[in-house]
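Readers should treat all values here as calculations from the given coordinates under stated rules, not as data from a laboratory. Only a predicted model underlies this, so the values are computations on that prediction, with no experimental measurement involved. Cβ atoms come from the backbone with ideal geometry, glycine included; neighbour counts cover every protein chain shown.
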Amino acid sequence: GNGNGNGDRRRHAPSPRLVQTGITAGGAVRRSHRLIRAERTTPCPGGHSAEIARARDEEPWRDLGETRVGFERTRTRGRSAVIGDKMTDYLDQLSGYLPLSPLATHIGLTCLAAQITFTLLFDRRTKLLPAGPWNHLTAYSAHQTVALPLMIILTYVGWRDWFFDPAKYDDNLTPRDRIFGLSNPNDVPLAIGSGAILLWDIPMGFLSPPLRDPIMWAHHVGMYLVAATMCGTFCEGGDMIGYYYGSFFFGVIELSSVFLAYVDLFHPKYKHYFEWLNSNHESKKSKSLAKILNGMNEFCRIFFALTFMAMRGLYFPYVTFFQAIPDLQVAYKDPPDGVPMWTGYFLAIMMASFACLQAYWGLLIVKQLKKALIGGSHGGGSKKKD
């Protein structure tokens, strides 16, 4: 009002009867209806009943509308919270039946749901997107769409924890500390390395023909087993093993995979994408888009080769043979109770095998770079990714 303000406070203050009785949800809306009308017809101290009446005539249900909206928002938030809590409980219960942590189960099922969603989006029968190469490789296109943000997350978290975590530079850490002394059940790289691979990546290796590569499938199975072992899946007390190195093996080295997720899309073996990228498009818009994507492809090819050689071809074997395996040898001389001895041998063998595999792939990339630089190849049809 335009008076001394007492009437305004009376009009906008919550009803004492409503607060004292603790009325909520739908019942509160109906009862507040009567209470608000009663307040408006009650003369206010200071003689402002006429001003209140005029305000009521101009905006008769403003306060009631605000009350309704407030309660509806509260009720909606309440329902959403209840649904979210129930889903979380169900997923936590499901993780009890899987060799996964609750976080890994959440991530794996999220990736699976995203895979299904993007597969439907790229399917020509849904007509949600214009025609393109993604219509011919729907599951593979969806897989790459899901993989790219995962690789970015892994790279960011891995580099943050490996290079910028003060614990990594603690000179007082012993080999036993690095293998058994550190733990984080909610570690994101290990959760992705176990949950996303088991519930999404490995099944897609069976279901999608372009992803049926026996070597990559075996590689992913091995990655899951390593991640599950490091998460303590096979230990009686759930003790984590080698968490110190998790950010490296499941994070730092994935920098090259960020570029690979894009480069692999236009590999010649996926002819629909390769032909679309290199064909003469009729429309200017398509020509411009193809030119931009082709430029990005060449950029990513170069940086994939460089980062792969640096992170996987050189740094991976160094960390494996000069840090991780020596720490395993020392720590497993006296492992904690409930930690099987075979887990140490398994991790050492798998790390060494992966290091040799990365070195082998690195040699293949060096050969391709050599051919490209000295012009020894007869064309550009053999642009190796694997």
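Using only Cα coordinates, the Kirkwood hydrodynamic radius of the range 146-305 works out to 17.8 Å.
Magnitude of the charge dipole for the range 235-287, about its Cα centre and with charges confined to Cβ atoms of Lys, Arg (+1) and Asp, Glu (-1), is about 600 debye.
Extending 7 Å from the Cα toward the beta-carbon at both Arg176 and Asn294 defines two label points whose distance is 6.3 nm. Spread over its residues, the convex hull of the C-alpha atoms of the range 232-386 is 133 Å³ per residue.
For the range 155-198, the convex hull drawn through the C-alpha positions has a volume of 83 cubic angstrom per residue. Using only alpha carbons, the range 189-276 has a radius of gyration to Kirkwood radius ratio (Rg to Rh) of 1.06. Positive contributions from Lys and Arg (+1) and negative ones from Asp and Glu (-1), summed over other residues with Cβ under 9 Å from the Cβ of Ser247, come out at -1. Given R₀ = 45 Å, FRET efficiency for Val221-Ile83 by Cβ-Cβ distance, to 0.05? That gives a FRET efficiency of 0.80.
When the Cα atoms of the range 130-169 are aligned to their principal axes, the ranges along those axes come out at 52, 15, 8 Å in descending order. Loop-resident chymotrypsin sites (Phe, Trp or Tyr not before Pro) (DSSP state other than H, G, I, E or B) in the range 83-169 with no more than 11 further Cβ atoms inside 10 Å of their Cβ: Tyr97. Measuring nothing but alpha carbons in the range 148-243 and taking Rh as the Kirkwood radius, the Rg to Rh ratio lands at 1.04. Rounded to the nearest angstrom and listed largest first, the equivalent-ellipsoid semi-axes of the range 81-183 from its Cα gyration tensor are 37, 21, 11.
Compared with the direct C-alpha span, the chain from Asn280 to Arg160 gains 38.9 nm at full extension, assuming 0.36 nm per residue.
Maximal additional length on extending the Gln323-Ala167 stretch stands at 54.6 nm, based on 0.36 nm per residue less the C-alpha distance.
The simple spin-label model puts a point 7 Å past each Cα toward its Cβ; for Leu363 and Tyr90 those points are separated by 5.1 nm. Rounded to 0.05, the FRET efficiency of the Cys356 and Arg212 pair, given R0 = 25 Å and the Cβ-Cβ distance, is 0.60.
Computed 3J(HN,Hα) for the range 93-104, one whole-Hz value per residue from the Karplus formula 6.51 cos²θ - 1.76 cosθ + 1.60 where θ = phi - 60°, is 5, 5, 4, x, 9, 10, x, 9, 6, x, 5, 5, glycine and proline marked x.
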